[in-house]
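In what follows, a structure is listed as C-alpha cells, so that the remarks can point back to it.
The values are calculated or read from the model by the stated rules, or taken from the named source; none is laboratory data. None of these values were measured; they are calculated from a predicted model. Using ideal geometry, Cβ is built from the backbone for each residue, glycine included, and neighbour counts are taken over all protein chains shown. Calculation scope for accessible area: heavy atoms of the full protein, side chains included, ligands and nucleic acids excluded. Shrake-Rupley method; radii C 1.70, N 1.55, O 1.52, S 1.80 Å.
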Amino acid sequence: MNKEKLMDEKPARIFLLCFIYGLHMAEEFTLGFVEWADRYFGKFDWTQNLIGNFMFFVVLSFGCYLYYKNPGKYLWAGMAGCMWVLSNSFLHISATLLGHEYSPGLVTAILLYIPAGLYFMIQWANQGVLTWKNLTLSFVVGGMIFMLIPTFVRAILLHAELAKLFHLGS
C-alpha cells in the first residue's frame, strides 16, 4: 500500500480512534443501547455488548498500534479503523432516520466519528496514499468485515428491525 510514500510525523494521532471509541461506548452504555440493539439487531444483551465491544477495542487498539509503529507498512490498519468508525456512523444515522427514533451512539457518531474518520482520510489524501485500492481494502476490512456484514446478517437471521428498515430478508 504505497509503503514508501507515507511519512506520518505524528502517527500516535491514530490512537484518537481508541479515545473516541471510549466516548462512543459511554454514550451507548448510558443511553440505552442494549435495549435499542435488542430490537434493531435481535436478541441482544449486556453480555454480548460487553464481549463484542471488548473484542473490537482490542482489535482497534492493535490496528492503531501497528499503524503507530510503521505507518507505511500498516496504513491499511489505520484506514480500516477509520472505515469502521465511518461505517458505524452510517448505521447510527440511517437507523435513526429510517426508524424514527434515537439510536444511542448517534451524537458521538456525528460529532466525533465522522470528523475523526474524515480527518485521517484527508491527511492520507494529502500524502498521496489515499488510492482506490487502499480505500477498497480498508472498507472491506473495516467497514464490511468488522461492521456491516455481521450487523446485517444478524438482523436478517433474527428478523430484527434493522433488516426491516433496509428491506432485507423476509
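A few remarks follow.
- Among the candidates F139, F166, the residue that is open to solvent by 70 Å² or more (accessible area, probe 1.4 Å) and either touching a residue at least 60 places away in the same chain (Cβ under 8 Å) or under 30 Å from G42 (Cβ atoms) (or both) is uniquely F139.
- Check on F62, at pLDDT 95 or above and more than 22 Å from P115 (Cβ to Cβ): yes
- Conditions (1) open to solvent by 50 Å² or more (accessible area, probe 1.4 Å); (2) closer than 25 Å to D45 by Cα; (3) in contact with an Asp or Glu (Cβ under 9 Å, 6 or more places away or on another chain); number of the one not met by L106: (1)
- Residue list for segment 29-67, restricted to those being of a type in the set (S, T, Y) and either surrounded by fewer than 14 Cβ atoms within 10 Å (Cβ to Cβ) or over 15 Å from C18 (Cα atoms) (or both): T30, Y40, T47
- Qualifying positions in segment 68-79 - open to solvent by 10 Å² or more (accessible area, probe 1.4 Å) and closer than 10 Å to F139 by Cα: W76
- Residue match in segment 85-100 (condition: small (G, A, S) and either within 17 Å of I20 (Cβ to Cβ) or within 11 Å of the chain's Cα centre (by Cα) (or both)): yes
- Leading residue by the ranking (most open to solvent (accessible area, probe 1.4 Å)) among those in segment 153-163 that are over 16 Å from H100 (Cα atoms) and at pLDDT 70 or above: L157
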